[in-house]
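Read the structure below first, then the notes.
Please treat every number below as a calculation from the coordinates, not as lab data. Just so it is clear, the structure is predicted and the values come from calculations on it, not from any experiment. Ideal geometry is used to build each Cβ from the backbone, glycine not excepted, and the neighbour counts take in all protein chains shown.
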Amino acid sequence: MLLWSYLTVVLTDSGTVPPNWKPAWDEERGEVDPLNESEFDGLQPALSSRRIRYCRKCNQFKPPRCHHCSVCGRCVLKMDHHCVWVVNCVGALNYKYFLLFLFYTFLETSLVTLALFSHFLAFFSDEEIPGTAATLATTFLSFVLNLAFALSVFGFLIMHVSLVSANTTTIEVFGTDKRYWFIPAYSDEDLRRMAALQGLEFPSNPDFDSEEF
Ligand SMILES: [Zn+2]
Ligand SMILES: [Zn+2]
């Protein structure tokens, strides 16, 4: 399951904006003019839900929650982050596989840690340990590495489960500039462009966003 999830998240396209995609705007009200530059900055809170976003690098409109990935050099639908471990962007179409990859990696590393725990303890006892020096070194290293990965992946898994339950993504919480991810600040670009950071608009549950409500 771990290998299957890993290969799927690596090989699945994270989500490309369909060619010539255009946002549906309210023609009757005529409030959103796609050629009007000021609308691109999303400075009018009242229009926030109809805010037009445009990627100057790809030269195309951006659907909601879509972000431009500088590593992939293209816009990615509901982009979460670019993951170096899976050599791919994590976005709308492979997020589930990424989450399963985290889950199965956690299970696998925990299993190995538990299986090697008694062997690891033996290093600190007086009893004679059978096996060659190479076997002992491998056992010791395997235990330490698997424990380290189990703990870090567990933290990452908890973070992503809470992001999913809040219907948000890493980018929508931490900002688009990775240099700012681990410091308590946002880039000027994010503050200007990300509606959620202005506190007036948040990702919404489609069930409650539909016209029936
Ligand atoms: Zn783009
Ligand atoms: Zn990417």
Inset, instruction - Enumerate the amide H contacts of C83 below 5 Å, restricted to partners 5 or more residues apart or on another chain; note that Pro and chain-start residues carry no placed amide H. - result: N88, C89, V90
Inset, instruction - Return the distance in nm (one decimal) between the two label points of a simple spin-label model at L145 and W4, each offset 7 Å from Cα along Cα→Cβ. - result: 2.5 nm
Inset, instruction - Tell me the label-point distance for the pair S187, A115, using the 7 Å Cα-to-Cβ offset, in nm and rounded to one decimal. - result: 4.3 nm
Inset, instruction - Quote to one decimal, in nm, the extra length available between F123 and L157 on full extension: 0.36 nm per residue of separation minus the C-alpha distance between them. - result: 9.1 nm
Legend entry - Highest to lowest packing among 87-95, 148-156, 165-173, 184-192, scored as the average C-beta count within 10 Å: 87-95, 165-173, 148-156, 184-192
Inset, instruction - Could you give the C-alpha radius of gyration of the stretch 107-175 expressed as a fraction of 2.2 N^0.38 Å, taking N as the number of residues it contains? - result: 1.61
Legend entry - Cα convex hull volume per residue for the stretch 47-180 (Å³): 139 Å³
Inset, instruction - Would you mind counting up the charge near T12? Only other residues with Cβ under 14 Å from its Cβ, with Lys and Arg at +1 and Asp and Glu at -1. - result: 0
Legend entry - Förster radius 22 Å - calculated FRET efficiency between K96 and A166, Cβ distance, rounded to 0.05: 0.85
Legend entry - In the stretch 48-183, lysine pairs closer than 18 Å at Cα, eight or more apart or cross-chain: 4
